[in-house]
């Protein structure tokens, strides 16, 4: 997850080259019928304007071109934008230099806040050399990795915690006081500290303590928190006790957290003992967790666990944020296609209907670090951004655009189906109904708690599971395949009880998913409780699927148009192609129905058909009488 190094290809690609040319899936015949009611009177206190905002990670924001920012701010209901501070602090020569460097963020911060959003500033492995406790150690914390970039000197504890405190004080003073952001910037320490922190757990706690002290010196109401482990149950530090080897390399020793407790738990315990505020708890969850079934998704269990820890230590009113969602893994076709659009819609629905976790999508733009196609500046290479490297908006961007259209109060909807999920909002004169038909792949379906109330698996259970797989000489994919075709039995694996329960849940869902990926869903909604009664209305329906609002489906045509162009000589023509594709495959281009309807009384029947891995937004709006 070498984030900043992954972005350091400084030349923004200007050519649409080496596009993936695999064929789209062909769906078999068959359908499933989903009937459910929607009572427009059954609203909650939560508003679409507050919780259905587009939250996105923007690592290495300086390499995201202006036209992407312009399109994003124009078309999306802006939420939280995550920015890391690594280059500001790491590359500085003094505190005064840091104070000047941070001002480069002012335009982006101001524009985000003017659009109703917030800024999350993340700090960790950007310690300046002049404050490092090991300033001459140029060894990499990822030795042996071809993408190694982070140096040990920038990832160790500071030589002077008071000076570290002064750096944090400078950030909070500038953004909270000088820029007057009115509490819309919050400050997070930690970005997978178990991997990026070269030190002990106790030293990391001191790092947080002085982080908070510096923030509170600048503003007693500063919003602070942390700590972004790669999993809410992470219980170790990987980069402790660095030792020089005979060949001059650096070897690290993984060290369990105190008591084998989750890293987040121990951090909260320390913060409570030191009477340090915690306004936000953040984490990652790798690999990507399946939102199917919605009620047992990992983030649902994570919220229960973290809320119980916060209660144990006396913290109230704390925000929970799932950063870097869904994950970094480059999966060609999935990340670029309608699959990701449906995944995000289903995941957002799960979080809204089961708790208060806020997801922050990873990220604004693809990075050229993972697949061969992306490194060659292809338009589609399996990256995790809303935009490709050449600025094409992916189908998942359109999911957020549809969410941004929804207004009013959130209404409770239960479809009675694990795969077709719904989210509604009710405004004074309109009803919005978002439908997602997400079919998880075998890769993703494995990552769900499947009703295991104790939370995610313990390290001991995970170790046992890995051992069983090793003994059987198979990986997870081979295991699932064997279980599905009947050549392997769960009982024969002698798994621990919680693991066996999880694996059984995987198989149950995977078997249904294998059928549903070939079936369309006929959805029938009995809409009741219309406040304004009958009369004249308009009906609009927007679709994201393999045929609509999908730039990925046009990759062949894009390749043909770009094949004869020179990336340096024909920049204007390349830009024209990009703009045309974005316009023709945007969310509004996916509007398949726009018609007047007459409603009798306070009820109405709505019917539509969803392809596998698709998103629909239905908008019913009352026509004002003249």
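The values are calculated or read from the model by the stated rules, or taken from the named source; none is laboratory data. These numbers come from a predicted model, not from an experiment. Note: ideal-geometry Cβ built from the backbone for every residue, glycine included; neighbour counts use all protein chains shown.
List of remarks:
- So residue 254, is it touching a helix residue (DSSP H, G or I) at 6+ places or on another chain (Cβ under 9 Å), assigned by TED's automatic domain parsing to the domain that holds residue 155 and without any contact (Cβ under 8 Å) to a residue 40 or more places away in the chain: yes
- Residues that are at pLDDT 90 or above and in a strand (DSSP E or B) within segment 211-251 comprise 223, 224, 225, 226, 227, 236, 237, 238, 239, listed in sequence order.
- Scan of segment 484-509 for residues that are under 17 Å from residue 466 (Cβ atoms) and not in a helix (DSSP H, G or I), ordered by number: 488, 490, 494, 495, 496
- Hits in segment 99-110 - residues which are surrounded by fewer than 21 Cβ atoms within 10 Å (Cβ to Cβ) and in contact with a helix residue (DSSP H, G or I) (Cβ under 6 Å, 6 or more places away or on another chain): 99, 101
- Strands (runs of 3 or more DSSP E) fully within segment 531-618 counting 3 or more residues that are crowded, with 18+ Cβ neighbours inside 10 Å and touching a helix residue (DSSP H, G or I) at 6+ places or on another chain (Cβ under 7 Å): 535-544
- Residue match in segment 234-241 (condition: surrounded by 20 or more Cβ atoms within 10 Å (Cβ to Cβ), out of contact with any strand residue (DSSP E or B) (no Cβ under 6 Å at 6 or more places or on another chain), under 22 Å from residue 352 (Cα atoms) and in the same structural domain as residue 349 (by TED's automatic domain parsing)): no
- Test for residue 273: is it in the same structural domain as residue 118 (by TED's automatic domain parsing) and touching a helix residue (DSSP H, G or I) at 6+ places or on another chain (Cβ under 9 Å): no
- Screening 124, 76, 120 for residues that are in contact with a strand residue (DSSP E or B) (Cβ under 7 Å, 6 or more places away or on another chain), closer than 27 Å to residue 427 by Cα and in the same structural domain as residue 401 (by TED's automatic domain parsing) leaves exactly one candidate, 76.
- One residue alone among 266, 191, 228 is touching a residue at least 40 places away in the same chain (Cβ under 8 Å) and at positive phi, and that residue is 228.
- Extreme residue, surrounded by the fewest Cβ atoms within 10 Å (Cβ to Cβ), among residues of segment 177-192 that are under 25 Å from residue 238 (Cβ atoms) and touching a helix residue (DSSP H, G or I) at 6+ places or on another chain (Cβ under 6 Å): 189
- Failed item, numbered, when residue 356 is tested on (1) at pLDDT below 95; (2) assigned to a loop (DSSP other than H, G, I, E, B): (1)
- Out of 292, 278, sole residue that is touching a strand residue (DSSP E or B) at 6+ places or on another chain (Cβ under 6 Å) and either assigned to a loop (DSSP other than H, G, I, E, B) or at pLDDT 95 or above (or both): 278
Each row is one residue, and each column tells you yes or no for (1) buried (at least 22 other Cβ atoms within 10 Å of the Cβ); (2) out of contact with any helix residue (DSSP H, G or I) (no Cβ under 7 Å at 6 or more places or on another chain).
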position	(1), (2)
396	yes, no
400	yes, yes
411	yes, yes
426	yes, yes
443	no, yes
446	yes, no
460	no, yes
470	no, yes
475	no, no
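- Residue pairs meeting the criteria (Cβ under 6 Å; at least 6 apart or on separate chains; first closer than 16 Å to residue 53 by Cα and assigned by TED's automatic domain parsing to the domain that holds residue 404, in segment 336-347; second modelled with pLDDT of 95 or more and part of a helix (DSSP H, G or I)): 341/395; 341/396; 341/399; 344/396; 344/399; 345/399
- Of the strands (runs of 3 or more DSSP E) lying entirely inside segment 1-74, those carrying at least 1 residues that are closer than 21 Å to residue 337 by Cα and modelled with pLDDT of 50 or more are 54-57.
- A Cβ distance below 9 Å, combined with a sequence gap of six or more or placement on separate chains, defines the contacts here; from segment 79-99, residues that are in the same structural domain as residue 168 (by TED's automatic domain parsing) reach residues that are surrounded by fewer than 16 Cβ atoms within 10 Å (Cβ to Cβ) and in a loop (DSSP other than H, G, I, E, B) in the pairs 79/116; 97/91.
- Residue count for segment 454-483, restricted to those that are over 23 Å from residue 257 (Cα atoms) and either assigned to a helix (DSSP H, G or I) or in the same structural domain as residue 285 (by TED's automatic domain parsing) (or both): 12
- Test: residue in segment 575-583 that is touching a strand residue (DSSP E or B) at 6+ places or on another chain (Cβ under 6 Å) and closer than 26 Å to residue 404 by Cα: yes
- Considering (1) in contact with a helix residue (DSSP H, G or I) (Cβ under 6 Å, 6 or more places away or on another chain); (2) within 26 Å of residue 262 (Cβ to Cβ); (3) in contact (Cβ under 8 Å) with a residue 60 or more places away in the chain, the lone condition that residue 510 does not fulfil carries the number (2).
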